[in-house]
1. Against the longest principal axis of the chain, how steep is helix 385-404, in degrees 0 to 90 to the nearest 10, with axes from Cα atoms?
2. With a 1.4 Å probe and all protein chains in place, put Met240, Met329 in order of accessible area, largest first.
3. For the stretch 338-455, what does the alpha-carbon gyration tensor say about shape, rounded, prolate or oblate, given a ≥ b ≥ c as the root eigenvalues, a/c under 1.5 as rounded, and a/b over b/c as prolate?
4. Within the set of other residues whose C-beta is less than 13 Å from the C-beta of Leu146, count the net charge using Lys and Arg as +1 and Asp and Glu as -1.
5. Give, rounded to the nearest 20 debye, the magnitude of the charge dipole that the chain has about its Cα centre when Lys and Arg contribute +1 at Cβ and Asp and Glu contribute -1 at Cβ.
6. As an exercise, identify the chymotrypsin sites (Phe, Trp or Tyr not before Pro) in the stretch 43-151 lying in DSSP coil whose Cβ has no more than 16 other Cβ atoms within 10 Å.
7. With a cap of 13 neighbouring Cβ atoms within 10 Å, and only residues DSSP puts in a loop, list the trypsin sites (Lys or Arg not before Pro) found in the stretch 301-402.
8. Report the percentage of all Cα-Cα pairs in the stretch 297-343 whose separation exceeds 18 Å, rounded to a whole percent.
Amino acid sequence: MDMLLSGIGMLMHLDVMIALLIGSVGGVIIGAIPGVGPAVAIAILLPATFSLPPLVGLVMLLGIYGSSMFGGSLPAILINTPGTAVNALTTYDGHPMTKRGEALKALGLAYGASFVSGILSILALILLSPVLARIAPMFGSKEIFLAALMGLVLVVIAHRGQTLAAGMLAGLGIFIGTIGLEPLKYTQRYTFGQDWLGSGFELIVVVLGLFALSQAFSLLTEPETAPEAAPIKGSMARAMTKVLGYKRVAAVGTGFGVLMGMVPGVGEFTAQFLSYTYAQKTSRTPEAFGKGSAEGLVASEAANNAVPAAAMIPLLALGIPGEALTAMMLSVFYVHNVIPGPQLFQGQLDFVYALYVAMILLNVIVVLFMIVSSNLLLRIIRIPTRFLGVMILTLSFVGVYSLRNSVVDCAVAAGFGWFGLILKRQNLPAVPIILGLVLGGIMETKFRPAMTRVEVLADFFTRPVAAILGLAILCLVIGHFAALYREKEAGRT
C-alpha cells in the first residue's frame, strides 16, 4: 500500500499530469486523422522524451499508444476510413450502422467496448507482471537469448503469407544492429572505412525513417483528400452504456486481446480476428456480421484496445518488447537507466505502480474527452493529406536532427523513409526490421556469456527454463511448417 501511495504521489506532479493529458488527448486526435497513426506520432516525439524525466516521457508515449485506437474508430465508423490500421475491422460493422442512421449507437458501442477492455487489460497487467517478474530471476543469459529468439520467431510466423519476407526483413534488422562498434572488443564492423558508419544506426533514426518519413512520403505522393462526415446528435454517454448489453462479447474480446498482446509479434490483428470469429460463431444472428452487427463492432474494439496494456507485460517483466511501439518505449527506459525486469519491481515498485495508475487515468480522460468532443474531432478529420505530409516531414527531420545535431542522421532517416515507402507499396511489413534491430542486440549481448560453458548443443538446454523455451521454439517452427503443408495439401484437393 505504501508503494501504491508513493506511485500515486509520483503522478501528482504538474509535469506528469500535463504529459498524461497531452498524451491521452493527443493520441485520440492522432488516431482520428487517417494516415498518421500512433507509430508515426511516437517516432516523432521519441527524441523529445529523452530530455524529459522518465515517468513524464513514458506517460506521454503510453497516452498516445493507449488512446489512438479510441480516436481511430471515429473515421472508421463515420466515413469508412480507419484512423489507424487496427481499426480496419471496425469499418465492417461500424460504417453500415452509420448508413442505417445509427452512428451515435455505433460510436457509443465502440467507445464503451474500448473503455471496458482497456480497464480490464490494465488489471491483467497489474496481476500478471509481478508474477512474470518473480519467474524472471530464473532467466540467465541463455534464457534471455532464447526468449528474444522466440520473440523473433513469433514475429516472423505471425505474418502469414509473408513469412519469408518477414524473416528476411527481421534478418536485415539484425544486420543493421551489427553495423558500427562491436560491443565486446570495440572493433569496427561493416563500416568499410566510412567514418559516418562508425557509430552505427541509431534506433530512433531508423524508426523515424521507416514509420514517420515513409508515411510523409506516402501522403505527399498520393492524391490529396479531405473527407467529410455528418455531425453526431444525441447523448454519447448514454450510448456508451449500451455496451453492457454485450458483456460476454466484450469480455471474450478483452481476453483475446490480453493473450495476443503478451505474445511478441502477434498483436491487435490476430486478437481482432479471433475475437470477431468467436463472436460470429456464437451469435444468434451470424448473418448480420459485416452488415452492421453490434456484436461484431464490440468484439473488434474490445480486442484491439486490450492489446496495449497487455503488450507492456513482457516489456516490464522481462525487458523484451513485443512490437515496434513497445520497442520505442524500451529506448526511453534505457536512456534514463531504468532497466525493465525483476530489478524494476524490486527497486522501483513505486515507479511501476505510477505507470499502472497512469494507464487507468488515461482511459478515464479519453472517455470523458470523447463524450464531449466527437463533433469537434470531425473537423480534424478534414485536414488535407498533403498538409499532413508536410507537417510529419518537418517534425520528423527536426526530431532526427535534435538527437546529435547531425545532417548525416537526417540523410540516413530519409534513406530509411524511402525504403519504408517501398515496403508500403509492396505491402511488406516494416515491424520485423525494428524488432530484429532491438532483439538482435539483446541476443548478441546474451549469446556470448551464454556460450562460456557450452561444449555441445545440448549444454545450452540443461536448465529447465532454457529447455522449455527451446522446446517452445521447436514446436512453433514445426507447427508453422505443418500448417503450411496442410494448406498446400488442401489446395491440391
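The values are calculated or read from the model by the stated rules, or taken from the named source; none is laboratory data. Keep in mind it's a predicted model, so treat the numbers as computed, not measured. Every residue, glycine as well, gets a Cβ built from its backbone with ideal geometry; the counts of neighbours run over all protein chains shown. Calculation scope for accessible area: heavy atoms of the full protein, side chains included, ligands and nucleic acids excluded. Shrake-Rupley method; radii C 1.70, N 1.55, O 1.52, S 1.80 Å.
1. Here the helix axis deviates by roughly 30 degrees.
2. Met240, Met329
3. Values: a/c = 2.27, a/b = 1.22, b/c = 1.87.
Taking the square roots of the gyration eigenvalues as a ≥ b ≥ c, the stretch 338-455 is oblate.
4. Numbers: positive: Lys142, Lys446, Arg463; negative: Glu143.
Surrounding charge for Leu146 is +2.
5. On the way: 29 positive and 23 negative charges, 204 e Å.
I would put it at about 980 debye.
6. Working: sites: Phe50, Tyr65, Phe70, Tyr92, Tyr111, Phe115, Phe139, Phe145; in loops: Phe50, Phe139.
Sites meeting the loop and neighbour criteria: Phe50.
7. Numbers: sites: Arg379, Arg382, Arg386; in loops: Arg382.
Loop-located and lightly packed - Arg382.
8. Values: 366 of 1081 pairs.
It works out to 34 percent of all Cα pairs.
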